[in-house]
Amino acid sequence: MTERADGFTLDEIVSRFGGELIGDGNLRISQVATLEKAGPADFSFLANPKYCKQLKTSRAGAVVLSSANAPDCPLPCIVSDNPYAYYARVAQLLNPSWREASGIHPKAVVETILDPSVSVGAGTCVGKDVRIGKASVIGPGCIIGEGVAMGEQARLYGNVTIYPGCLIGARAIIHSGAVIGADGFGIAREADGSWTKIPQIGRVIIGDDVEIGANTTIDRGALDDTMIEDGVKLDNQIQIGHNVRVGANTAMAGCVGVAGSARIGKRCTIGGGAIILGHLTVADDVNISAATLVTKSISQPGSYTGAMPFEAHRDWLRNAAQMRHLDEMAKRIRELETRLAQLEKKS
Amino acid sequence: MTERADGFTLDEIVSRFGGELIGDGNLRISQVATLEKAGPADFSFLANPKYCKQLKTSRAGAVVLSSANAPDCPLPCIVSDNPYAYYARVAQLLNPSWREASGIHPKAVVETILDPSVSVGAGTCVGKDVRIGKASVIGPGCIIGEGVAMGEQARLYGNVTIYPGCLIGARAIIHSGAVIGADGFGIAREADGSWTKIPQIGRVIIGDDVEIGANTTIDRGALDDTMIEDGVKLDNQIQIGHNVRVGANTAMAGCVGVAGSARIGKRCTIGGGAIILGHLTVADDVNISAATLVTKSISQPGSYTGAMPFEAHRDWLRNAAQMRHLDEMAKRIRELETRLAQLEKKS
Amino acid sequence: MTERADGFTLDEIVSRFGGELIGDGNLRISQVATLEKAGPADFSFLANPKYCKQLKTSRAGAVVLSSANAPDCPLPCIVSDNPYAYYARVAQLLNPSWREASGIHPKAVVETILDPSVSVGAGTCVGKDVRIGKASVIGPGCIIGEGVAMGEQARLYGNVTIYPGCLIGARAIIHSGAVIGADGFGIAREADGSWTKIPQIGRVIIGDDVEIGANTTIDRGALDDTMIEDGVKLDNQIQIGHNVRVGANTAMAGCVGVAGSARIGKRCTIGGGAIILGHLTVADDVNISAATLVTKSISQPGSYTGAMPFEAHRDWLRNAAQMRHLDEMAKRIRELETRLAQLEKKS
């Protein structure tokens, strides 16, 4: 907190994170802000050239930008190949994550022995045979099932539920309402139409440096495990089905659904509200657009989209009516082509 | 509760809420019901002329309807310009919201001083420097983070989570499982494909008279605040990204997703499952249909739709196959037009 | 647990569940596994002929399959008309659900008298006038509102919320974060654009043998009740609006949304992310594909789809541009047909 009050000089920042400084290295910054709202003690960034004009009017103390934009910058600046990532590191430096006092709250229920550096909030239940890495912080109202293991410096906000037996890596951040390890949707249909539940005996295994958003759910495997590899970032309200594997450093925006046994590659980005069907494979470095339904495997990197464009409702009514006639339209075009070719021959 | 047992006479209702009474003002009603199921002590409504026939067979004690339908009504009735809103007010009168005994449950953990009129349920954690307005009711199992401020007569059901620093207006209703103020999805990509988290230092600010549904999530701002203006109504399982602004009296149905920094106008209605992309602006008085993906700004009021019509699967297979050939179809039509014009010239 | 350690012989299994055994009835199995990963004490299944080749290389102790695949099977096997359901029953036998010690945790808050066979976890709040059937297990952190009634052998995982007055059948399984009985989205618009809340005075009534996934929400009825019939299976993150009726043995995959007052038939299957609009009726035995928007009633059994196919983004850009011109394309085709017919007459 004292760090934040005092801030850092630009020289100190460049010596930590690199980049070329143009301007006074003694200038001290204490917080980050947008170009529009920044004041003289704030550090800002220009990642999108579209906002280049704001450099002229910004009151920011300093800004990080690419070499292409440096000549336009009247402010002290740091030149970086990746201004947005540079900004992220400065923002982290100025906003260290808040540390609860360590120790177990007297109103927590802990049935295992924890390292004294671990913090457990009020009302949280930690089951038997749970291992939690050093300096981890478990918020209030969490439920950590029997046999869960968690790495160091993990951070669970309040009201997170981890079912028994799941493994969670180091430096995990899990937001409120997330549920890890509930039963997968495994049911077998009987002849009379009723369903028999299939016990879900796999686990969820989550790698290091994974962040999981509020109210996101990740189901345990049916027989094998559901795997979330290192560095995966999941936004809020995402549903990951049983036996799914999400490759390292893949990021998914809110409201995505991934059905059971899908395998998603590394470094993919999945837009908000996309649905990925089960038992298919998505290659590494694939970008799925928002609201796209992925119905079959994707073997090549690249961007894929399946969304319906929106328009004024009255126009949509007319156009949508034709969607049910596309096959017929295609036939009529073929027929026109045949008939026209015959006429052309004659003429 | 005694009010509810005794009910109110139609005269009493008209004197509170206005409207023109046709029939016996001494008739006493004690509950609301549909035209189909109402009995002689029930008050019903006719808002959709489609159900006009039910007036003939309904056993309701009284009904509110528009002047156009009054002549068809054999029952005592109140004529109103807005029968559905009138009905809502009568329903509220007959069903006052249930008041817990005020005071802090001995199994709550409260680290601040609260007004004696506030009620806090078992297991709820209220952090330091929290302010809660008079007569507010916080259910069991809630987590109210440090520095949260809440208006009067707010009602949080059980298992709600409010992250530190968020502001919530008067008369808020927040349902179970909602998470207010979790980190927005702010990550910057490094050259190796991994992600660096950007601290989310803004807040969520919620106006007065806002209702938030079960398991809805509203993320805190990255730098500035996420804003939900007065009178906004959010259904269940909605995701609101960081820095979004939702204008006053906008209503969203379940499962909507709004990506970061979108600005949505006042008095909009957003249908269930719609997705609104980030960094765009939607004007006031816009209606978005269910399951529509909004990919660009909307500057004019009106209704907008982008949904794909459904049909029998075998028909869909044939038509959907053509969707990947629409551009080719358009070219073939243009070519047909050119060739036909040439033939017509010749003939 | 001893059962699981010892396992069962194939003779014991066939005598419980029927089917024709081919091979040594004394062979003892103790767990289930996939054909690929099974060892000699594991029981596996072949439900999809696509995986028939795996029979040759599998190390499973035994496998259940259909009579068509039996001749190809080098392993001991059980022949069944429905191998997957047979497998489900064996998996249940080998994995009996885990029983908490019965009794009320000292850190639970229970305001009613419960049968001594009921288990209630730490931090759970059970309101007044609640009835819970024998041998039911309520996990930690749950909130069971006043007047709730629940059948025998129900299983609520941690952090489940049941609002007052809801009824839940026998053998219910409800996963963490589910919210049953929150207010439906009932609001009436006033002339100034603001909304008046309509009290939601119905209940949620859930039949026997229903499973409800993590973070799924089911709203209480506005006036009548929301009904989930026997044997319904709901995956995670589903939203069921007020007054909906879901017919017996219908199954819904994750992220489905069902708007208010929809009536869905028996034995339907609803794919992930589908949205069903309100006030419509879906017949029995209807299958809705993933991500399909159902905008009108369906009166005939069968499969229905409305999803937009995805493709490489650059192709999608070209094809999607034409979707806003479909009506115009249809007109141009009709015009071409007319002009061509005139030419043909002349020639």
Relative exposure of A:Thr338, B:Thr216, judged by other C-beta atoms within 10 Å (fewest first): A:Thr338, B:Thr216
Find the centroid of the Cα atoms in region C:270-347 and in region B:10-72, then give the distance between the two in whole Å. 43 Å
Choose one answer from A:Ser136, A:Ser303, A:Ser117: the residue with the largest mean-square fluctuation in a GNM of chain A with alpha-carbon springs under 10 Å. A:Ser303
Using the 7 Å Cα-to-Cβ label point, sort the distances from C:His325 to its equivalents in the other copies shortest first and give them in nm to one decimal. 1.8, 1.8
From the label point of A:Asp6, set 7 Å along Cα to the beta carbon, how far off in nm is each other copy's matching point, shortest first? 7.0, 7.0
Just the Kirkwood number for region A:1-132, please: inverse of mean 1/r across all distinct Cα pairs, in Å, one decimal. 16.9 Å
Approximate spin-label separation B:Ser299-B:Glu20, in nm, with each point projected 7 Å along Cα-to-Cβ: 4.5 nm
Given the options B:Val120, B:Val32, B:Val256, which has the most mean-square fluctuation in a GNM of chain B, springs set between C-alpha atoms less than 10 angstrom apart? B:Val32
Specify which residue in the list A:Ala47, C:Gly272, B:Asn287 is farthest towards the positive end of the charge dipole of the protein assembly as shown, using unit charges on the beta carbon of Lys, Arg (+1) and Asp, Glu (-1), about the Cα centre. B:Asn287
Which one of C:His242, C:His313, C:His279 has the biggest mean-square fluctuation once chain C is modelled by GNM with Cα springs under 10 Å? C:His313
Please list, by residue number, everything in region C:151-193 whose backbone N is under 20 Å from a paramagnetic label point 7 Å out along Cα→Cβ of C:Ser117. C:151-157, C:168-174
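Rounded, prolate or oblate, given the Cα gyration tensor of the protein assembly as shown, with a/c below 1.5 counting as rounded? Spell out each step's value before the answer.
Details: a/c = 1.08, a/b = 1.08, b/c = 1.00.
Rounded is the answer for the protein assembly as shown, as its axis ratio a/c remains below 1.5.
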Sorted shortest first, the nm distances from the B:Pro49 label point (7 Å along Cα→Cβ) to its counterparts in the other copies are 5.8, 5.8
Can you sort B:Leu343, A:Leu234 so the residue with the fewest Cβ neighbours within 10 Å comes first? B:Leu343, A:Leu234
Relative contact order for region B:2-94 using alpha-carbon pairs under 8 Å, separation at least 6, rounded to a whole percent? 27 percent
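First measure r as the distance between the Cβ atoms of A:Ala312 and C:Gln92, then evaluate 1/(1 + (r/R0)^6) with R0 = 51 Å and state the FRET efficiency to the nearest 0.05.
Working: r = 54 Å, r/R0 = 1.05.
E between A:Ala312 and C:Gln92, to the nearest 0.05, is 0.40.
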Send over the Kirkwood Rh of chain A, from the inverse of the averaged 1/r over different Cα pairs, rounded to one decimal Å. 23.9 Å
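Relative contact order for region A:103-304: what percent, with Cα pairs under 8 Å and sequence separation of 6 or more? Spell out each step's value before the answer.
Details: 718 pairs, mean separation 20.6, N = 202.
Relative contact order, region A:103-304: 10 percent.
Express the relative contact order of chain A as a whole percentage, based on alpha carbon pairs under 8 Å and six or more residues apart in sequence.
Working: 938 pairs, mean separation 21.7, N = 347.
The value is 6 percent.
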Of the candidates B:Val210, B:Ser176, B:Leu336, the farthest towards the positive dipole end of chain B (Lys/Arg Cβ +1, Asp/Glu Cβ -1, centred on the Cα centre) is B:Leu336
Could you name the lysines whose alpha carbon sits less than 25 Å from that of A:Lys53, not counting residues in the same chain fewer than 8 places away? A:Lys37, B:Lys296
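Exposure proxy check: A:Thr292, C:Thr269 ranked by fewest other beta carbons within 10 Å? Intermediate values should be presented prior to the final figure.
Details: A:Thr292 28, C:Thr269 18.
By the 10 Å Cβ count, ascending, the order reads C:Thr269, A:Thr292.
Compute the signed sum of charges (Lys and Arg +1, Asp and Glu -1) over the other residues within less than 12 Å, Cβ to Cβ, of B:Arg220.
Details: positive: B:Arg203; negative: B:Asp183, B:Asp219, B:Asp224, B:Asp225.
With Lys, Arg at +1 and Asp, Glu at -1, the neighbours total -3.
Throughout, read-outs are computed from the coordinates displayed, never taken from laboratory work. All of these numbers come straight from a predicted model, not from anything done at the bench. As a convention, Cβ positions derive from the backbone with ideal geometry for all residues, glycine included, and neighbour counts pool all protein chains shown.
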